[in-house]
Structures are given as C-alpha cells and as structure tokens.
Amino acid sequence: KLHFCFFFSSFTMPKSNQMLPFHDHPLYTFDDDQSWFCYLCSSNEKRGMVYICMECELVTHKECVEPFLNSPFQCNHFLKFFIGSPFESENRHCHFCRKNLSSLYARCTICNTSMDIDCLKNPPPLTVFQPKHHDHSLTLLSRLVTFTCNACGLEGDRNPYVCLQCNMMLHKDCIDLPRVISINRHDHRISHTFHLGQGQEDWECGVCRKKIDWVYGAFKCSRCPSYAVHSKCATRSEVWDGIELEDVPDEEEEIEDPYKVVNEKDIIHFSHENHILRLDESCVTDKRCEGCVLPFNGDPCYRCVECDFILHKTCASLPRKKRHLLHNHKLTLLVDEVTFQCRACKINSNGFRYKCEEGCKDKFVYDVRCSSVSEPFHHDLHPHPLYWTLEGSKECHACDTETKNPLCCTVCDDYALCMRCTTLPRKVKHRCDDHLLSLRQGVGNASGDLWCDVCESKVIASECYYTCQECGVSLDIDCVLGDFYYLKVGHIGPGLEVLANNGVTRPLCSGCEVRCKFPFLARDTTTQEPVCYFCNINCLHYH
C-alpha cells in the first residue's frame, strides 16, 4: 500500500473509484501512459485503462478483465477475483487441475469453487465428441460429485464427463485413453473396452496383479481370453511406449535368429561368426561365460572348437530383440565387449547387454541376467512367485535397502527383492572352501550368530549370504562377489584390467590402503612402480 501511495503522489492520481462485480473492494481506474503489471495477462504492457485495488493490490488491464464482466463462466455464474491464499474455510486447490492456489485466483461464490488463472483462461470443454472411442457426445458436469469412472473403474470426486444415453461417467483424462496399444507385459496387442464383462470369474490385472471389477472398463487381449489390465496400469510410462496402434496393421517384426544350426551339436553364433561352437552338456571349466560372465558349474554350454570362446546354452539362445518388463520399448541384444553399468541392478559388467535403440534420451542398458528375469519369477529363497507390481519404493527383504519398483510377492505384502538380490548367483565357488557355496537367507547356527570367514564381521541371517552346507562356512555377499565379479578378466577400459585375486598374499588397495579381500580386483596398467591395485569401484573412483 505504501508503494502505491508513493507512486500516486509522485506521478498521477486515479480518476475515480468504483465497486465492480468481479472484486469485493473498491477499484481505482487509470488511463495514463504508465506501465502496470497485470495479474491476468502476466505482463506490464501498456493497454489503456487499468483497474487497481488499494486493499489487496490487485492490478489488471480493463481489456483483460472485460470478458469476465460481460459473460458468466461455464457454471452460468459471474466470478470474483482474489489475491493471496484462500481462506481456511475455502478449498485451497484449483477445482479443475488440483494445483495449489496462490497469487491471483478466481472464485464462484455460488458453486463454492475456485480456479487458477490457467484454468480460467483455458477451461475444460463443455462437450467432447470422439466417435472412435464413443458414439455419443460427452458433457461436462462441472461440480463436486463422487462417481466411479466407467473407463478405468477408479473413483472421482468432481467434474465427470457424462453420456446420458449410455449412463456413463468418465474422468477427463480417461476420455483420451488409447484404443489399441502394445505393452511390455504381453506378447499381443490389447484394446480398451468400457465393459470388461464376466468372461472370467475373477479378472486379475496383468501389471499390478490386483482384482479388476468386470463392470467397468479395462484393456484386454483378443487372443488370450483371460488376459486383462487396469486402464491406468496399462497406460503407465513404465509399461506402455505411448504409441496408439489403432488402424496400424498388426504385423510381426521379423527378428533374425541368434545362431545358425550346422548339425545336432554345432552352431554358428552371431557374436562369434568366424568359428563353430560345439555343445557340451556338462561344462567344467574355470572360464566365464562371454554372455552373462558367470561360471558354468556343470551347466550345458557351447565351446568354440578353435579358440577359448564359450557361452552358456541359455545365453547362446538369447533373442536378438525382445520386449521386457524393464523398459517400454523393444530391447536389442549387443555383443561387442564394452564396460557398462546395468540400469536395473547398478552392477558393472562387460558381457552381452540389451539396449534400447529407439531414441530414448537416457541410456537404457541392461545386462543379460536382469533382462532374463520374467514373470512370474520363482526365487529359491521364497515360496511364492514374485511380480513387478510397480507399487513404488519398498525395502528389499534380502539387503534392507530402499528400492524403487522391486519384485514383490502378492501373497506376503512386505516381501520384495531388488534386482541386485534377485539375480544373485545361486551357487558360487570361493577359494576359502573346496565346495560350492549356496545362497541362503534367514537361517542361523545353533547360537543364532553367523560370522563371515573372510572379513570376520557378523553376518545378518535375515539378509542374503553364502554358506557351505557341508562345512558350515558363512560369507558376506560382498566378500564372495565384490564389485568386479561380473567383469571378464582382462582389460576393461583405458589403462585398467581385472585380475583374479588368487595369489599367496592379498595386494594392498591403493584407494583404501587395506588388503584386498575380494575375489577380483582392478589394476592400473599405466603405472609399473608402484603397482596400483583397487579392491572396489569406490576406491577406483577415489584414486
């Protein structure tokens, strides 16, 4: 107010003051050449006459406010304009967009609704007609009313669009639901319907695994009679790529096979095209798989008949393109040896990887272990199947870390696994024991206490750890695997190589200056004296 008084006394005084229907305080009018910041158009352009309120400091051009003076709003009532936060007795959110009201807002005192300036300038349309989605026009019922949306089955509390002929009510967002889409949870296209029907006794959503009310709308597959997905689940960005497929021919993409068959035991794999790979039904070797970088432990494999290239049989059969739950686009299998970090488990590897090559701004790269996890996922340490239900952040039951969208159990509400723990090797070999170590969780010894035989710290039995069932040895996950377990031995980047930590003595880490306890370590090949070793990624980055 002091600012206004000083301005008036220095330049000019208003011509008059009057009460106008769009505001509760007297308004002063100016028609001079001064620039004023208008709250309605958010500019200080000179547009002739200006209205100013001395009480609340409202400023608006006459031409900006005249449309609301000459005609009522959609509710057929005239609006009032206010500055500042609403009273405690009033709704503090916009009636349409639900954003917080601040600065200038408009209010219908008869309907008891408020709206921000954006919604005032661009209100939702009174009628909508989309013949592809519905045969009749939909009319906006602009009021507070509780209803269940016929398109998605969820409740709303205001502003439904109504079809009187069909007795339907829809959310505004659900009017534009796509008709036909493809999602990463199903091999076929799915289409939207406003009435799912009683085809199944209990419809279960293919994403969140919760019940679907057959009375309302959902997406369903025409080829798989029992498959359906909630409307909101199917159109989530983690599930759908955002492409409407109605009127697009349903043609299957031809994907080249990963290998050519030579005979019953020999193949030529596209990652090793110059040599023949031969099947070994029970592989015993110290080498790691070129694809997943895991040991074989007697698993079937394909060996090169001319060099030391070797693949698990399952890794040799990985498709060159596929849909996966981790991403909403198709992923392409890449086999060139590049060190990368898997986006799902955050583990560094240089084996085969799946990557999105459809124009995503971020780098969506996944190792073959994470991209081989499918639903339902059966884990050895849990009796029930696990699903990606996209329920937000949960605590991993195996490592106690907070994880976004982990694999969840639909029977045990509190059980969840992060991708790192989901893909832990079930059997591993470690130099501290002559036998294979097994992954275990929730089982202690007679005293209830477990101690790691490598770092001699206490092992938490409720978390995952490795143990020998014959000798009773217990080891931490980190002591068994470390940071370099999923990297092939050899060069991993400029001036760096991975070595097996199998010497008589443990090298001293140049980062933390502690003897390296992990089975693999990195060495800086650019220095000869002194030799620089690193026990984990953090030490490498710190150095």
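Observations on the structure shown:
- Cross-link pairs exceeding 21 Å in C-alpha to C-alpha distance, out of LYS260/LYS313; LYS355/LYS429; LYS220/LYS363; LYS313/LYS488, comprise LYS355/LYS429; LYS220/LYS363.
- Rolled with a 1.4 Å probe across the full set of protein chains, the surface gives ASP413 an accessible area near 120 Å².
- Net length gained if the chain between SER374 and ASP173 were fully extended (0.36 nm per residue, minus Cα distance): 69.2 nm
- Residue separation of HIS541 and GLU391 scaled by 0.36 nm, minus their Cα-Cα distance, works out to 50.6 nm of gained length.
- Sparse-neighbour loop sites [chymotrypsin sites (Phe, Trp or Tyr not before Pro); the stretch 32-78; at most 14 other C-beta within 10 Å; DSSP]: PHE37
- Length gained on full extension, ASP414 to CYS75, computed as 0.36 nm times the residue gap minus the Cα-Cα distance: 117.3 nm.
- Ordering of 170-182, 99-111 by packing is 170-182, 99-111, highest average first (other Cβ atoms within 10 Å, averaged per residue).
- Paramagnetic reach from GLU252 in the stretch 289-322 [backbone N under 13 Å; point 7 Å along Cα→Cβ]: none
- Annotation note: chymotrypsin sites (Phe, Trp or Tyr not before Pro) in the stretch 108-203 located in DSSP loop regions with a Cβ neighbour count of at most 15 within 10 Å are PHE129.
The values are calculated or read from the model by the stated rules, or taken from the named source; none is laboratory data. Treat the numbers as computed from the prediction; the structure is a model and nothing was measured. Heads up, the Cβs are rebuilt from the backbone with ideal geometry, glycines too, and the neighbour counts pull from every protein chain shown. For accessibility, only protein heavy atoms count, side chains too; no ligands or nucleic acids. Shrake-Rupley method; radii C 1.70, N 1.55, O 1.52, S 1.80 Å.
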